[in-house]
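**Student:** Could you have a look at this structure, given as structure tokens, before my questions?
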Amino acid sequence: MFEERTYTVSEFNRKVKDYLEENSDLREFFLEGELSGVTYYKSGHLYFNLKDRDAQIKCVAFKYKLKRIAEDLKDGDSVKLFGDVGFYENRGDFQILVRHIEKKNQLGELFIRLEQLKKELGEAGYFDLKHKKPLPKYPKNIGVVTAYTGAAIQDIIKTIKKRDNTINIYAYPAKVQGVGAEAEIIKGIKTLNKIEEIDLIIAGRGGGSIEDLWAFNDKDVALAFFNSKKPIISAVGHEIDNLLSDLTADARAATPTQAVELSVPERVKVLETLDDRKRYLNSVIRNQIEILKKELEKRENSYSIKNFSRELENKNQELVEREERLKRAIQYQLNEIKNSLDRRVHKVITLNPLETLKRGYSVVTKDNEIIKSVKNIKIEDEIAIKVTDGIIKGRVKEIN
């Protein structure tokens, strides 16, 4: 028969503690790994996580100074520690009680690989400002890649609606830590890029340990940020220098909430600014109208305006007089031209060879060439003599 055993939480935690502490394999052993979440407290205690590629475990060093533990440990340090398994009954926390820590090197393997990758991508130009797309000034549709159940999506939605409740949000739920997170983040970015109306993409997550954030240090994830056709913000809550996605994105925000504050203007303030500009322009227009009105009144009261009809009559009379003078000048010029032409025609008539023939002269030609000298002709040559009313043809019989 199955014997039913029922414990209170305190009883159960006591049994677990006793079991762990009585197991000799879980006492006085060494552990190797990388530090993360290193926190020195004023109480004299040191808390951190020890991790490798696939797992992590909580650790605590009580009164670390008495244990001669270094005070400059930091995230990424590769260490070897000596300690025992501990179980804190009140919270049910499993942890390593650290007796001693020895540094293996200054940076852990993950950080070394990350620095190498940063150098590689940096030299290839993936971080250059010339590739950064400007964020839209007034986005109307925003895509979000993050965990659907996390606090980040709630913070983003709440902040967007608070700043501008007319904006549409397209949420792509994706794992943001653990196995498969990289592939889901990449797919989310690519999917939102295919939605034409989306103006901007925010991809990220809330805070966490460096292990929790490590998907955003993946090379393929970083390249997905870089290759996004839509402007994209890397919004990962962290305190370390820069994640790869921060460097390849068009903009970086310290938290998802800050990403919204960076990209979404407050609608109320925008409208207030527009109202202020409207009032200013109306004031400028009114002032201009007043100035023009006064100028018009000034002109209406001027001598020229008051005497406009008289001035117009004087100008018309002046035009008539000018027209008469112009007509006389033109007639004079025409007469001069006519007289000049008459004189020139007379000269043409006077010089016409036919007029000369009428006076009794004749023109002698041979082979259609005018004979100007006896040297140009000989006995028996045929000649033509042009007189006023015809041509006489003959043959030369004598030359004197």
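**Student:** Using 29 Å as the Cα-Cα cut-off, could you pick out the over-long pairs in Lys42/Lys104; Lys130/Lys278; Lys74/Lys219?
**Tutor:** Going by Cα-Cα distance, Lys130/Lys278 fall outside the 29 Å limit.
**Student:** I would also like to ask the following. Using unit Cβ charges (K, R positive; D, E negative) and no other charged atoms, how large, in debye to the nearest 20, is the dipole of region 215-327 about its Cα centre?
**Tutor:** Here region 215-327 has a charge dipole of around 660 debye.
**Student:** So what are the three principal axis dimensions of region 138-188 from its Cα atoms, in whole Å, longest to shortest?
**Tutor:** Sorted from largest, the Cα extents of region 138-188 read 36, 19, 11 Å.
**Student:** Let me ask you something else. Beyond 23 Å, what share of the Cα-Cα pairs of region 134-265 is found? Please give it as a whole percent.
**Tutor:** Every Cα pair in region 134-265 considered, those over 23 Å come to 19 percent.
**Student:** Given Lys80/Lys119; Lys366/Lys397; Lys132/Lys187; Lys338/Lys386, which pairs have Cα atoms separated by over 23 Å?
**Tutor:** Lys80/Lys119; Lys338/Lys386
**Student:** Something else about it: If you take all C-alpha pairs in region 355-395, what percent of them are over 17 Å apart?
**Tutor:** Value for region 355-395: 29 percent of Cα pairs lie more than 17 Å apart.
**Student:** I need the calculated FRET efficiency for the pair Arg277 and Lys161, taking r as the beta carbon distance and R₀ as 25 Å, to the nearest 0.05.
**Tutor:** That gives a FRET efficiency of 0.45.
**Student:** On a C-alpha basis, how far is the centre of region 256-285 from the centre of region 65-108 in Å? Whole number, if you could?
**Tutor:** Cα centroid of region 256-285 versus Cα centroid of region 65-108: 53 Å apart.
**Student:** On to the next question. So what's the gap between the Cα centers of region 199-223 and region 1-51, to the nearest angstrom?
**Tutor:** 31
**Student:** Per residue, how much space in cubic angstrom lies within the convex hull of the C-alpha atoms of the chain?
**Tutor:** Residue-normalised Cα hull volume stands at 524 Å³.
**Student:** Let me ask something else about it. Give me the compactness ratio for region 9-107, meaning the Cα radius of gyration over 2.2 N^0.38 Å.
**Tutor:** With N residues counted in region 9-107, Rg over 2.2 N^0.38 Å equals 1.09.
**Student:** Here is a further query. To the nearest 0.05, how large is the calculated FRET efficiency for Ser373 and Glu398 if R₀ is 25 Å and r is the Cβ-Cβ distance?
**Tutor:** The pair Ser373/Glu398 has a calculated efficiency of 0.95.
**Student:** Also: Longest exposed-loop-site-free stretch of the chain, with chymotrypsin sites (Phe, Trp or Tyr not before Pro), DSSP loop and at most 15 other Cβ within 10 Å?
**Tutor:** For chymotrypsin sites (Phe, Trp or Tyr not before Pro) (loop position, at most 15 other Cβ atoms within 10 Å), the longest site-free span of the chain is 149-360.
**Student:** Specify whether the C-alpha gyration tensor of region 79-183 places it in the rounded, prolate or oblate class, a ≥ b ≥ c being the square roots of the eigenvalues: rounded for a/c under 1.5, otherwise prolate if a/b is larger than b/c and oblate if not.
**Tutor:** Oblate, because a/c is 1.5 or more while a/b does not exceed b/c.
**Student:** Please get the size of the charge dipole for the chain, origin at its Cα centre, with Cβ charges of +1 on Lys and Arg and -1 on Asp and Glu, quoted in debye to the nearest 20.
**Tutor:** The calculated dipole for the chain is roughly 3100 debye.
**Student:** Also, I was wondering about something else. Using the Cα atoms of region 224-300, I'd like the radius of gyration and the largest Cα-Cα distance, Dmax, both in angstrom.
**Tutor:** Just the Cα atoms of region 224-300 yield Rg and Dmax of 24.2, 75 Å.
Laboratory data are not the source of any read-out in this text; all were calculated from the coordinates shown. As the structure is a prediction and not an experimental result, all values here were calculated from the model. With ideal geometry, Cβ positions are generated from the backbone for all residues, glycine too; neighbour counts draw on all protein chains shown.
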